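See below for the structure under consideration.
The values are calculated or read from the model by the stated rules, or taken from the named source; none is laboratory data. These numbers were taken from a predicted model, which means no experiment stands behind them. Glycine also receives a Cβ, built like all others from the backbone with ideal geometry; neighbour counts cover every protein chain displayed. Surface accessibility is based on the protein's heavy atoms, side chains included, excluding ligands, DNA and RNA. Shrake-Rupley method; radii C 1.70, N 1.55, O 1.52, S 1.80 Å.
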Amino acid sequence: MVPFARAHTRSSLSIAVTVLLTLAVVGALAWSAWSARREHRRAAEETVRDYATFAAGLAAANVESAMERVLLYAFYGADLAERQRSNDPVSPRVLATNPAEVDRCATMYPDGRWFARVAADGAMKVEGALDPEVGRWLADTLVALQQGPSGERYGNLFPSVGNVPVIAYRFQRDSAGGIVAAHALAHCYESAGGSVFDEARRTALLPPTKSRGSDTLVMLTVADLRGSIVHRSPASGEATFTGTRPSDIAGPLQGLTFSVGVPARVAQDLVAGGIPGRRDGTWILVVLAATLGVATIVQVKRSMALVQARERFVANVSHELRTPLQSILLFSQLLRMERAGSAAERAEAIRVIEREAERLIGLVERVLAFAGGRAADGPAEEARSVDLAQVVGETVEAFRPLARSGDVRLTVEIPRDLPAVRGDSRALRQVLFNLLDNAVRYGPVGQRVDVRAVARNGAVEILVEDEGPGIPPHERERVWKPFVRLERNGTHGGEAGSGIGLAVVHDAVEAMGGRAWIEGGEGAGTRVVVRLRVDPRAPKDVEA
């Protein structure tokens, strides 16, 4: 049996290892495919964002060119006066000589336009209604710009105070190129052809060979330094990819940030082969591989469990067959050697041989029942009322010859009014026989083994106590498992069991609805307690 089990285990393990290695290869390939797809998607998305950033920069360049034209037109009067008067100061009034510029901004500034001139020392002259707070901020800002390294002639400012959206400014320079003053006016981002941001699409923002006519679908957004949106193209879908291009602090687009959003449907046309989706069939392969691996492990575990169950069954049967055969052999030897002197002793020996032979027949029937596919667990007989006092007495008397052969004294204490229990008489005999066999096997020569039965709280407890080395408390639960053997000193004759006896006791008692546990003896020995339910239909029921 053991070689078969080992061979079966090796075969199961080899199959499991092969399957798991195959699954590992499949998993590695799936991971590689998923990683490649993820990298492909990342590269494609970066390409689309690069296209969007390029488009934002191109839109900014187009708007800047348009803004320069607008600023040149707005400050035309100041430019003309500066050229005519050379280095003489230019009055802010000349900025109002352009009626078209004034009319265009009438909707944004219904209270009227204002024009200002700020000298290098901060002195300000204003034509029109200018908020004093905005005027102070403007003077400080323009003085700071005049002292800075900027070489720009025109630019825009976004006030952090007041309600003026944007201020256009122009530096007045002397013949040597030095800045002598700055002119400023409220600006409205409009030119003769409409809004300056309309110039953003003067050229295609996306590569025409890639966009396939989708250039009009991109979304352009322009924000100022305060984060306020100053322009947004009509929405044509949700922007999935965005590129941003901030403008320089100095210049016509001072502080404006241009953002271009590309919808997903346009992005698919910008990359050769499109952008891979986030989901593909790779995860299905990984899930199937993992499922197959789990199923293989479960099947191998079930197979090994079946082999262990078969080994346990054979070991249990072997153990149960050995005990009645020992009794038959012992009593037959007594008869053969004429050790049973009286007629009563010979009759008792014959009765024991007969009873143990019947017991062997019952065991064989249980084996055949198992082989025929019927349940092998639980009691062999249908649960019925059992006279426990009679079963305990007969089993102990049958075991006495084995005890005498080991120089062991057996004492029995059974009340006459012990109530009947619900169970299997043959299983109870096997339980008690195994407990006595363990007590003799692991106890010292000349020890005493006590067997008692008491009734309490609607149950009957059978106690078997020896004078052996005892079982440590931390091992008292483990010994009920099959094939568990403790290394204990003082065993009778150095004998050792197969680790089945207590497992048979445990299973049999549980099958009858009872419980078994181990306690420390009065001295250094072991006390095993078997608790069984009292049969409620029995005529006697003792309550302690």
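Among the listed residues L292, L306, identify the single one that is of a type outside the set (D, E, K, R), surrounded by fewer than 16 Cβ atoms within 10 Å (Cβ to Cβ), touching a Leu at 6+ places or on another chain (Cβ under 7 Å) and at pLDDT below 80.
Of L292, L306, the one residue that is of a type outside the set (D, E, K, R), surrounded by fewer than 16 Cβ atoms within 10 Å (Cβ to Cβ), touching a Leu at 6+ places or on another chain (Cβ under 7 Å) and at pLDDT below 80 is L292.
Do we have A369 as open to solvent by less than 20 Å² (accessible area, probe 1.4 Å) and modelled with pLDDT of 80 or more here?
Criteria not met by A369.
Out of all the residues in the stretch 426-441, which are open to solvent by 30 Å² or more (accessible area, probe 1.4 Å) and either of a type in the set (V, I, T) or in contact with a Pro (Cβ under 9 Å, 6 or more places away or on another chain) (or both)?
Result: R426, single match.
Consider V534 carefully, then state whether it is open to solvent by 20 Å² or more (accessible area, probe 1.4 Å), of a type in the set (A, V, I, L, M), within 23 Å of E413 (Cβ to Cβ) and modelled with pLDDT of 85 or more.
In short, no.
Which count do you get for residues in the stretch 45-87 that are closer than 30 Å to D269 by Cβ and open to solvent by less than 60 Å² (accessible area, probe 1.4 Å)?
Residues flagged as closer than 30 Å to D269 by Cβ and open to solvent by less than 60 Å² (accessible area, probe 1.4 Å) within the stretch 45-87 amount to 17.
Within the stretch 174-190, is there a residue that is in contact with a Leu (Cβ under 8 Å, 6 or more places away or on another chain), under 16 Å from R232 (Cβ atoms) and either surrounded by 21 or more Cβ atoms within 10 Å (Cβ to Cβ) or at pLDDT below 80 (or both)?
Looking for residues that are in contact with a Leu (Cβ under 8 Å, 6 or more places away or on another chain), under 16 Å from R232 (Cβ atoms) and either surrounded by 21 or more Cβ atoms within 10 Å (Cβ to Cβ) or at pLDDT below 80 (or both), one finds none in the stretch 174-190, hence no.
For V90, state whether it is at pLDDT 75 or above and surrounded by 19 or more Cβ atoms within 10 Å (Cβ to Cβ).
It is true that V90 is at pLDDT 75 or above and surrounded by 19 or more Cβ atoms within 10 Å (Cβ to Cβ).
Please specify each residue of the stretch 138-154 satisfying the condition of being at pLDDT 80 or above and either under 17 Å from S91 (Cβ atoms) or open to solvent by less than 50 Å² (accessible area, probe 1.4 Å) (or both).
L138, A139, T141, L142, V143, L145, listed by residue number.
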